[in-house]
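Remarks on the structure that follows.
Computed from the coordinates by the stated procedures, all read-outs in this text should not be read as laboratory data. As the structure is a computational prediction, the values presented were derived from the model and not from experiment. Cβ atoms come from the backbone with ideal geometry, glycine included; neighbour counts cover every protein chain shown.
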């Protein structure tokens, strides 16, 4: 009987050591919080690619319609060039759709990853184990009635068993998560960074196109010295310096990727993240993309 | 200037040329032959620009395709970690159950 009782105390001490020993690094709650943000990010990503693709197709359709208008009634060489552009551009846009689908599939993998991370970090295993341990403690009183009389700081030891086991399981979970973050964290950071890099590239492409169009508009009018400047010239010039609407969505998505990467990196390195900035960035992406989706459906 | 910078510079020139050719004020100021040439050149440039953009996009998409395997592995490792946690929890619960049985035997 005494041996069994001693064994149980050793088990209890082991749980205490486990609980105390695993306190360094991010908590399960912090990991769960970033994982939940990661799920939101991964859910927004495909929507951003969809609106970016729709924007590219709309612009190309408008361009081709303009070329077609200019080719109407003109020699075959002009019409053939416009037809070749239609075929070539359609093929190029189909390729782009494939590339965006690759990015969307990758985002779905990110979603699966963060869903699993959240499930492990915020899982109810520790509570279930605590309840089981409380039940065991009740049985322990039957096995060794003297345990009822044991107390620490005026509180019955039997009352500590459930919370202690719960803490032990929670700490064990945390140690598993931290080991995972150390081993796989860099690859997940790379995954987030690649999505961010794509949004940054698409943002640059959009800005380059918008700037070229706006510059031409302003420059052509300015270069025509035999003509007075149009009354809208100043407004057009101002417009040329402002970003096109689609750049807002891409810029917000790039910022959200940066914030997520930074917060995730803090989990791996043990620094302090900025969950507030991440959540704000994600909310902004969701709001802007929703505006684009709504206007595209009208 | 590296290759990427050359590509960017060439594309910027293409965008600038196309934007000028497509500008209605500029286009309407050309005679018919030059308008035809502008339409042909602008059409060619629209495809060329899309292809250059696709090449830039493809360079990141290729890295993403390679990273996808790592993400799957990371998710599988998490599933394994979750299984470890579940085993640990079940062990504690089983120990509690065993203790209960022993308690009942002792009580008899």
Counting only backbone N atoms under 20 Å from a point 7 Å out along Cα-to-Cβ of residue B:51, the residues of segment A:205-238 in range are A:205, A:209
The helix B:3-22 Cα axis meets the longest alpha-carbon principal axis of chain B at an angle in degrees, between 0 and 90 and rounded to 10, of 50 degrees
Two pseudo-spin positions, 7 Å from Cα along C-beta at residue A:95 and at residue A:241, lie apart in nanometres by 3.7 nm
So for R0 = 30 Å, FRET eff. of residue A:223-residue A:83 from the Cβ-Cβ r, to 0.05, ends up at 0.40
The simple spin-label model distance between residue B:59 and residue A:50, using points 7 Å out along Cα→Cβ, in nm, is 3.0 nm
Contour minus Cα-Cα span, residue A:179 to residue A:283, at 0.36 nm per residue, comes to 34.4 nm
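Work out the FRET efficiency for residue B:94 and residue A:262 from their Cβ-Cβ distance, taking R0 = 41 Å, and round it to the nearest 0.05.
Values: r = 42 Å, r/R0 = 1.03.
For R0 = 41 Å, the calculated efficiency reads 0.45.
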Two pseudo-spin positions, 7 Å from Cα along C-beta at residue A:108 and at residue B:30, lie apart in nanometres by 4.5 nm
The residues B:26, A:113, sorted from fewest to most surrounding Cβ atoms within 10 Å, come out as B:26, A:113
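Rounded, prolate or oblate: which fits segment A:190-298 when a ≥ b ≥ c are the square roots of the eigenvalues of the alpha-carbon gyration tensor, with rounded for a/c under 1.5 and prolate only if a/b beats b/c? Each step should come with its number before you reach the end.
Working: a/c = 3.32, a/b = 2.46, b/c = 1.35.
Prolate, since a/c reaches 1.5 and a/b exceeds b/c.
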